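Report on one structure; see the data block that follows.
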Amino acid sequence: MNAPAAARPDVVQAVARGRRRRASRRLLIVLTLAALVAAGFAVTLMAGRTFYPPEDVVRVILGERVPGATFTVGRLRLPRAVLAVAAGFSFGLAGVTFQTMLRNPLASPDIIGISSGASAAAAVAIVSFSLGGPEVSVFAIVSALAVAMLIYALAFRDGVAGTRLILIGIGISAMLESLTAYVLSRAAEWDLQEAMRWLTGSLNGTTWQQVLPVLGALAVLAPVLLSRARDLSAMQLGDDTAAALGVRVERSRVAVIVAAVGLIAFATAAAGPIAFVAFLSGPIAARLLGPGGSLLVPAGLVGALLVLAADFAGQFAFGTRFPVGVITGVLGAPYLVYLIVRTHRAGGSI
Amino acid sequence: MTTYHTLAAENLTLGYGDRVVVTSLDLAVPPGAITVVVGANACGKSTLLRSLSRLLAPREGRVVLDGKEVHRTPAKKLARTLGLLPQSPVAPEGITVLDLVSRGRHPHQGVFSRWTAADDAAVAAALEATRTTDLADRAVDELSGGQRQRVWIAMALAQQTDLLLLDEPTTFLDASHQIEVLDLLTDLNRDRGTTIVMVLHDLNLAARYADHLIALAGRRLHASGTPAEVLTEENVRTVFGLDSRVIEDPVSGRPLVLPIGRHHVRTAPAAT
């Protein structure tokens, strides 16, 4: 092995300083995001039609009976807030994984049809087959993986080009969304709120039974993705460069796709395809942190914050209650238009 | 200091899909030297380089590094001995020089391991060797072509490998930057004993900078040896389908290839 050629000590120090400065700035931003998520979580538990002070909330969480609060906070607000954080984190993490791997902000799972696959499957499972609980999750994850494989296979021609995959994904996504709409239109006994869950995503009426699979998936799959963060950074430099740096590119790619699709599917089976959260979280995190470091954890936190804030706003900021997906949809659509306009101006094909 | 490694291809057949690009090729890379691969377009130069660095599995035959088959060596372990700079690496939008060069440390790091003082030292040494220290905080996409190429070479250097493979490191560079990059690689070779294998398009630059030249033609190794042995008028005709005169380069004393096209040739050519 090469003896490290003697670099001038001042250069080594400058490198070390630059790296430490970046690392501490990054840590500060991540901790701030985490604090905001925690604060948002706390506010969601306390505030609403009725305000409950922090001590009541803590007593409910510790299992004491507090008249009124036990039902409102324990049964309604707590599972809803936990699902907002877990699903938001899942969407943000999976979204930025796809965007990083395919080197394109448009390549997020909610744009290229993976979320629609999970959503359509969940709607079919519940409405047409009257399934519930874990079966719905299984159905959603199998379908999401099948959609991912289908898009990959259709886009494959001497390797996968990001643009082709995105365009095919958008087409598949449109077909799957019309399938969802068709299934819902056939189900007469379904109310609009429930239909909205599978069209844009909603946290209304969340129960622990819906929340637990999402938490389980996050506990298993998030570490898989985080352990591949360095491989993903290397893969951003191109497949050949990554392989030359010692990354088993194909193996990493499969592991990352399966884990990210899994996160999307579990979160979607519980909350529906909350519009644009996967798509927005990565670019927002990138804007906050600047280029260079891994965006996985920051994007997850941004996703959690987005869902918490949008759900809260949807419930209380307007005269009517809107499901969370309507609010995130309103936020995400202009950004999608902006991205397309920008790439078009830059002369890109998409 | 530097350990010399032996890299060799034995009876190598390479291809993509049902297209065979290289057939039954044997070659040995001389340790501690600069080897340059030349050949016509699409003759398999890049394919050969990819296979030597484990990126492409051979159809037949094998690539052997220090007696061990490259395609059976763990990826990270190999990446600590042998580095490759591909033809068109991608720089993520907005990434700084320091961040990009730091990614060269990938094979030396575990999944969650911390960044060490050795990593800092390697990155600093790579920046210094390529004279990119002053660019460290700049974004890669705002650099000139020559600076960018130096930064990519710095990334490969941060990998600290004794063997370095480069696929056309001078493409898209103007004349002065081409010389700058090739001088830099020669410095590395002479100062640190890094074994270098690179693909070059320009025959005259290849002749000047190579210790060992490999010419590919018709899917096979056509000739190998010193530039003077390989760059004969006859070989240039077979390998490139080009008539030429080869004279001694007055600057370097190496061979200089003067192509003969259909135009701009004196009607009474000087006696050969």
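Throughout, read-outs are computed from the coordinates displayed, never taken from laboratory work. Since we're looking at a predicted model, the values are computed, not measured. Neighbour counts are summed over all protein chains in view; Cβ atoms, including those assigned to glycine, are modelled from backbone coordinates with ideal geometry.
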Chymotrypsin sites (Phe, Trp or Tyr not before Pro) restricted to the range B:75-174 and DSSP loop, no more than 16 other C-beta within 10 Å: B:F112, B:W115, B:F172
Between B:L84 and residues 5 or more places away or on another chain, which pairs have amide H atoms under 5 Å apart, with H built 1.01 Å from N, and which residues are they? B:L165
What's the FRET efficiency of B:T116 with A:R25 using the Cβ-Cβ distance as r and R₀ = 25 Å, to the nearest 0.05? 0.75
Projected onto the charge dipole of chain B (unit charges on the beta-carbon of Lys, Arg, Asp and Glu, signs +1, +1, -1, -1), the Cα from B:H222, B:M155, B:G94 with the largest positive-side position is that of B:H222
Expressed as a rounded percentage, what relative contact order does chain A have, with Cα pairs under 8 Å and six or more residues apart? 28 percent
Least to most buried among B:T47, B:T116, B:T195, A:T268, by other C-beta atoms within 10 Å and fewest first, runs B:T116, B:T47, B:T195, A:T268
Cα atoms only, the protein assembly as shown: Rg and Dmax in Å? 29.2, 110
Compute, for the range A:236-350, the length of the dipole vector about the Cα centre, with Cβ point charges of +1 (Lys, Arg) and -1 (Asp, Glu) only. Units Debye, rounded to 20. 140 debye
Which residue, B:R19, B:R54, B:R72, tops the fluctuation ranking in a GNM of chain B built on C-alpha contacts under 10 Å? B:R19
Between the helical axis of A:249-271 and the dominant principal axis of chain A, each derived from Cα atoms, what acute angle in degrees is found, rounded to the nearest 10? 20 degrees
Tabulate in residue order the Karplus-calculated ³J(HN,Hα) for the range B:185-201, using 6.51 cos²θ - 1.76 cosθ + 1.60 with θ = phi - 60°, rounded to whole Hz; enter x for Gly and Pro. 5, 5, 4, 4, 5, 6, 6, 10, x, 5, 7, 10, 10, 9, 9, 10, 8
Taking beta carbons within 10 Å but only from partner chains, what does the mean come to for residues B:95-107? 5
Using the crude model of +1 on Lys and Arg Cβ and -1 on Asp and Glu Cβ, and no other charge, please compute the dipole size for the range A:28-99 relative to its Cα centre, in debye to 20. 220 debye
List the chymotrypsin sites (Phe, Trp or Tyr not before Pro) within the range A:44-123 that DSSP assigns to loop and that have no more than 15 neighbouring Cβ atoms inside 10 Å. A:F51
Counting Lys and Arg as +1 and Asp and Glu as -1, each charge on the Cβ, what is the dipole of the range B:165-272 about the Cα centre in debye, to the nearest 20? 420 debye
Pop out the ³J(HN,Hα) list for the range A:70-80 in order, Karplus 6.51 cos²θ - 1.76 cosθ + 1.60 with θ = phi - 60°, rounded to Hz; leave Gly and Pro as x. 4, 6, 5, 7, x, 9, 9, 6, 5, x, 5
Restricting the range B:87-192 to trypsin sites (Lys or Arg not before Pro) in coil, as DSSP defines it, with at most 13 other Cβ within 10 Å: B:R114, B:R131
Hey, what did the range A:137-273 get for relative contact order, percent, Cα under 8 Å, at least 6 apart? 37 percent
What distance in nm lies between label points placed 7 Å from Cα along the C-beta direction at A:T70 and B:T13? 7.8 nm
Packing-based exposure ordering (other Cβ within 10 Å, fewest first) of A:R75, B:R50, A:R59: A:R75, A:R59, B:R50
In a shell of Cβ-Cβ distance under 14 Å around B:L143, excluding B:L143 itself, what net charge do Lys and Arg (+1) and Asp and Glu (-1) give? -3
A:A187-A:A333 FRET efficiency (beta carbon distance; Förster radius 35 Å; 0.05 resolution): 0.80
For A:L131, the residues 5 or more places away or on another chain with a placed amide H closer than 5 Å to its own amide H are A:I126
The set of residues whose placed amide H lies less than 5 Å from the amide H of B:S244, leaving out same-chain residues fewer than 5 positions away, is B:I260
Across peptide A:9-18, how many C-beta atoms of other chains are within 10 Å of each residue C-beta, on average? 6
Highest GNM mean-square fluctuation, chain A, Cα pairs closer than 10 Å: which of A:V256, A:V224, A:V277? A:V224
17 Å cut-off, amide nitrogen to a point 7 angstrom out along B:V20 Cα→Cβ, residues in the range B:212-230: B:217-222
Furthest towards positive pole of dipole, B:S244, A:V307, A:A260, structure part the protein assembly as shown, Cβ charges: A:V307
Put +1 on the Cβ of each Lys and Arg and -1 on the Cβ of each Asp and Glu in the range B:1-62; which of B:V29, B:T3, B:L55 then has its Cα farthest toward the positive end of the dipole? B:L55
Per-residue average of other protein chain Cβ atoms inside 10 Å, peptide B:117-130 -> 6
Once you put a point 7 Å from the Cα of A:V341 and another 7 Å from the Cα of A:V43, both along the Cβ direction, what distance in nm separates them? 2.9 nm
A:I61-B:A57 FRET efficiency (beta carbon distance; Förster radius 60 Å; 0.05 resolution): 0.60
So, over other residues within a Cβ distance under 15 Å of A:R59, counting Lys, Arg +1 and Asp, Glu -1, the net charge is 0
Starting at the first residue of the range A:134-148, write each ³J(HN,Hα) from the Karplus equation 6.51 cos²θ - 1.76 cosθ + 1.60 with θ = phi - 60°, in whole Hz, x for Gly and Pro. x, 4, 5, 4, 4, 4, 5, 6, 4, 5, 4, 5, 4, 4, 4
Length added when fully stretched, A:S227-A:R251, from 0.36 nm per residue minus Cα-Cα: 7.3 nm
Considering Cα pairs under 8 angstrom that are at least six residues apart, work out the relative contact order of chain B and quote it in whole percent. 22 percent
Sorted by mean Cβ packing within 10 Å, highest first, what order do the peptides A:282-288, B:177-183, A:292-298 take? A:292-298, A:282-288, B:177-183
